[in-house]
Every structure is written in C-alpha cells, then in structure tokens.
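The next block holds one structure in the form of structure tokens; read it before the comments.
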Amino acid sequence: MNKIEQLSEILSQSQNAVFFGGAGMSTESGIPNFRSANGIYNQRLNTTFRPEEIVTHSFFMNCPADFFEFYRTRIVYLDAKPNAGHFALAELERRGILSAIVTQNIDGLHQAAGSKVVFELHGSVRRSFCINCGAQYDLNFIMKNKPIPYCKNCGGLVRPDVVLYEENLDEKILKASIEAISKADTLIIGGTSLVVYPAAGLIDYFNGEYLIIINKTATAADREAELIIRENIGETLSKAVELIGR
C-alpha cells in the first residue's frame, strides 16, 4: 500500500477529521508563500522598508499609503482560484468525513471551493472594515479606493480584516479552532512547516488517533506523525479522495 492509499484508508475510517493548513495549501493556486527563497518576504521591493515591517500594525497606522500599495500588489491575488486540494477538502466535508478546516491563509479559497466550516486564524482579504465605526466593506472597496480607502459613513480608515504583526488572533476563532482540533479523530497538517506561532501551537490540542503531515519540508510535528507525505498537497488530497469508497 503506497502513502496515498494509506491516506485514503485513514480518511475512510475517520468521522471527525480536521485539516490544519498553511501557505503551501495555496501555492498550487499561484499564491506565493512568505518565507521560501521566492516567497513574499524575500522579494525585492522598490522601498527601504522590509516586507515584514510593512505588515505590522505600527506601519499600517503610520504609513497607510505605503501599506496599501504593498497589500494590493503583494498580498492580494485576485486571479487565484481554488486548486484540487481545496476541492478535495470540500468534498470530504460534504461526505461527513471532515468536520472543520483551520487555516493560516487569508485568501478565502477554501470557501470558494465550497467548504462551509472554515476557521481563518489570520483573517481574510475578502473582508474589510472601518476602524472607527466598524462599517463592513469587501475587497473590491480597498482595491478601488486608492491610495488610502476611507469609510463612506464616517471618513475613518478602512483596513483589511487580516491579523497584522503586533496584533492578537481573534479569541472566538482561536477557541473554535482549539475545540475542533481537540475533538478530531484525524488531524491533517498540510502546507505548513509549523513555525508561525501561536497558530502552530494549536496542534498540541490534538488527542486523536491519526496525525498526517503533507508538506514538502520537515515540520516540528514529524516525529509524532502516523503518515508523512512529501508531495504536492493538492494532488495528494485529490487522489486520496478519489480512492475512498472504491
């Protein structure tokens, strides 16, 4: 039995699986990750600021025009579409095998593929809000209102509903993610090397039977894993789902 067959067999026996994903989940959709050699944080910018400095709360408040220029060109990928992995996870949810997705990604591709229960630890580029009155806006509002988007109701600064450096994760999302992972019988970790905290620490709440890792590089959880697959996550999940029930 090869590794994809093993994965399919485990999933077919699961009734409450959870997927915990990171940037590698969306690279097959054309969205670069952050920390690899070709990642967003290593791209050359026409500015003296470092990418990791630009995506801090302090920089957003002090230099909003520079923040939004970077955000629109380096963080938002309007043409990105769900890949085979996103659709496979949505199918697992439809079949009653997968109970939740906990994601560090902010691209909204899981929902675009049809997944219903998605906990976005770092927020979503699809949503925006006024920091003064709380008015809600969509991504289109930020993309069109340059250089700085201001609220139509009160004139306040409109910001993306994403977690910047120096900011805390949403407590409700964090709590719901912990609850989902703690109740899971199978936890699939995909597309993340588990280096970003506090998100990476959530897997410590897993007490189920099968820990599966689908990632091209080593992770901090490899020693505890039942199954490790070093292949493309989209292709792997898609093939495993196709085998279920055969």
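Below, the figures for the structure above:
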| quantity | calculated |
| --- | --- |
| Residue-normalised accessible area of the chain, expressed per residue, 1.4 Å probe, Å² | 50 Å² |
| Förster radius 22 Å - calculated FRET efficiency between Cys133 and Glu52 (Cβ-Cβ, nearest 0.05) | 0.15 |
| DSSP bridge orientation in the chain - percent antiparallel, rounded to nearest 5 | 30 percent |
| Computed over the chain: relative contact order in percent, which uses C-alpha pairs under 8 Å that are six or more apart | 25 percent |
| Using alpha carbons only: equivalent-ellipsoid semi-axes of the chain, gyration tensor based, whole Å | 34, 18, 16 |
| Gain upon complete extension [Ile148, Asp79; 0.36 nm per residue less C-alpha separation] | 22.6 nm |
| Accessible-area value, Met61, 1.4 Å probe, nucleic acids and ligands omitted, Å² | 90 Å² |
| Of the trypsin sites (Lys or Arg not before Pro) in the stretch 182-234, those whose Cβ has at most 13 other Cβ within 10 Å and which sit in DSSP loop | Arg230 |
| Positive-end residue of Asn132, Gly96, Ala184, charge dipole of the stretch 88-246 with Cβ unit charges | Asn132 |
| Whole-percent carbon and sulfur share, accessible surface of the chain, 1.4 Å | 47 percent |
| Calculated FRET efficiency for the pair Cys63/Glu235, C-beta based, R₀ 35 Å, to 0.05 | 0.30 |
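The values are calculated or read from the model by the stated rules, or taken from the named source; none is laboratory data. Everything quoted here is computed from the prediction, not taken from an experiment. Note that we place each Cβ from the backbone using ideal geometry, even for glycine, and neighbour counts take in every protein chain shown. Surface areas here come from the heavy atoms of the whole protein model, side chains and all, with no ligands, DNA or RNA. Shrake-Rupley method; radii C 1.70, N 1.55, O 1.52, S 1.80 Å.
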